[in-house]
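Novice: One structure, as C-alpha cells, below. Some questions next.
The values are calculated or read from the model by the stated rules, or taken from the named source; none is laboratory data. Since the structure is predicted, the reported quantities are computational estimates derived from the model, not experimental observations. Neighbour counts are summed over all protein chains in view; Cβ atoms, including those assigned to glycine, are modelled from backbone coordinates with ideal geometry. Areas reflect the complete protein model, heavy atoms only, side chains present, ligands, DNA and RNA absent. Shrake-Rupley method; radii C 1.70, N 1.55, O 1.52, S 1.80 Å.
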Amino acid sequence: MNYQIKKLNQFIKAWIVPPALIELLVRIKMGFKPPTLSVEEIELLKQNDKLKDRHVGNRCFVLGAGSSIKEQDITKLEDEFVISVSNTFVHPDFTRIKPRYHILPPLIKAHGRLHSEAKFTDWLTAMEAATSGAEMFMHIGDREMIKRNGL
C-alpha cells in the first residue's frame, strides 16, 4: 500500500501540480518570503488588466532573442503581429517587422551584478530608438532606474 501511495504522490507531483507551485512551496519551507509591493506598485500593475483579450483571435509571433536569430529571415514577419523580446532589436531587419510590443526580462535583478547602470542606460537608449512605436514592457524592479535616467 505504501508503494502505491508513493507512486500516486509522484504522479501528482509530476503531472498535476505546476512545477512553479512546487518550487514556491519548497522556497517557503526554506524561509523564502515573497517580495511585498507598495500600494503604488500594485496600482501600476493593475494597468496590465487593460491588455486582457486585446488581441483575441489574432495570430501572433513572439520573436525570441537567441543568437540563432541572426541566421533567421525575419522579413517573413513583416505584416504580422509580432512581440519582440530583449535584444532582438539588433537584428538588421528588425525595423522592417515593426513589432507591436517589446518585452524585457528583469535587468537589474537578472544582470545587475554583471553590468553597470550606465551600460543598461546605453542599451535601453539604443533599444528605444530601434523599437519606436512598440509598447514596452519592463520589470517593475527596473522602474526606478528607468525613471532616473529619463527613459
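Novice: Got the relative contact order for the stretch 1-114 handy, in percent, Cα pairs under 8 Å and 6 or more residues apart?
Specialist: So the answer I get is 17 percent.
Novice: Per residue, what accessible area does the chain have, given a 1.4 Å probe and all protein chains present, in Å²?
Specialist: Ligands and nucleic acids excluded, the figure is 75 Å² per residue.
Novice: Determine, from the Cβ-Cβ distance of residue 143 and residue 56 and an R0 of 30 Å, the FRET efficiency 1/(1 + (r/R0)^6), rounded to the nearest 0.05.
Specialist: Approximately 0.55, to the nearest 0.05.
Novice: Right, next: Between the helical axis of 2-15 and the dominant principal axis of the chain, each derived from Cα atoms, what acute angle in degrees is found, rounded to the nearest 10?
Specialist: 10 degrees
Novice: Based on Cβ point charges of +1 for Lys and Arg and -1 for Asp and Glu, what charge dipole magnitude is obtained for the stretch 1-64 about its Cα centre, in debye rounded to the nearest 20?
Specialist: 400 debye
Novice: In what sequence, highest mean first, do 87-94, 64-71 appear when ranked by Cβ atoms within 10 angstrom?
Specialist: In descending order of packing, they fall as 87-94, 64-71.
Novice: Run down the lysines and flag those whose C-alpha is under 27 Å from the C-alpha of residue 6, throwing out any fewer than 8 positions away in its chain.
Specialist: 29
Novice: Excluding same-chain residues fewer than 8 positions from residue 119, which aspartates and glutamates have a Cα within less than 15 Å of its Cα?
Specialist: 128, 142
Novice: A further question follows. Of 137, 28, 60, whose Cα points farthest to the positive end of the dipole of the chain (charges on the beta-carbon: +1 Lys, Arg; -1 Asp, Glu; origin at the Cα centre)?
Specialist: Comparing the listed Cα positions along the dipole, 28 ranks first.
Novice: When ranked by the protection proxy of mean other Cβ atoms within 10 Å per residue, highest first, what sequence do the peptides 74-86, 111-123 form?
Specialist: In decreasing order of mean packing, 74-86, 111-123 become 74-86, 111-123.
Novice: Report, in listed order, any pair from 46/76; 70/98; 109/147; 76/98; 13/109 with a Cα-Cα distance greater than 23 Å.
Specialist: Beyond 23 Å: 46/76; 13/109.
Novice: If you wrap a convex hull around the Cα atoms of the stretch 12-55, how much volume per residue is inside, in Å³?
Specialist: With only Cα atoms used, the stretch 12-55 gives 97 Å³ per residue.
Novice: Going by average Cβ neighbours within 10 Å, how do the peptides 126-137, 97-108, 41-52 rank, with the highest at the top?
Specialist: Packing order, densest peptide first, comes out as 97-108, 126-137, 41-52.
Novice: Specify the inter-centroid distance of the stretch 1-64 and the stretch 91-112, based on alpha-carbon positions, in whole Å.
Specialist: That distance is 23 Å.
Novice: Over the Cα atoms of the chain, compute the convex hull volume and normalise it per residue, giving Å³.
Specialist: 206 Å³
Novice: Given charges of +1 on the Cβ of Lys and Arg and -1 on the Cβ of Asp and Glu, with all other atoms neutral, how large is the dipole of the stretch 1-128 about its Cα centre, in debye to the nearest 20?
Specialist: Computed charge dipole of the stretch 1-128: roughly 800 debye.
Novice: Rounded to the nearest percent, how much of the accessible area of the chain (1.4 Å probe, protein heavy atoms only) is carbon and sulfur?
Specialist: Its accessible area is 58 percent carbon and sulfur atoms.
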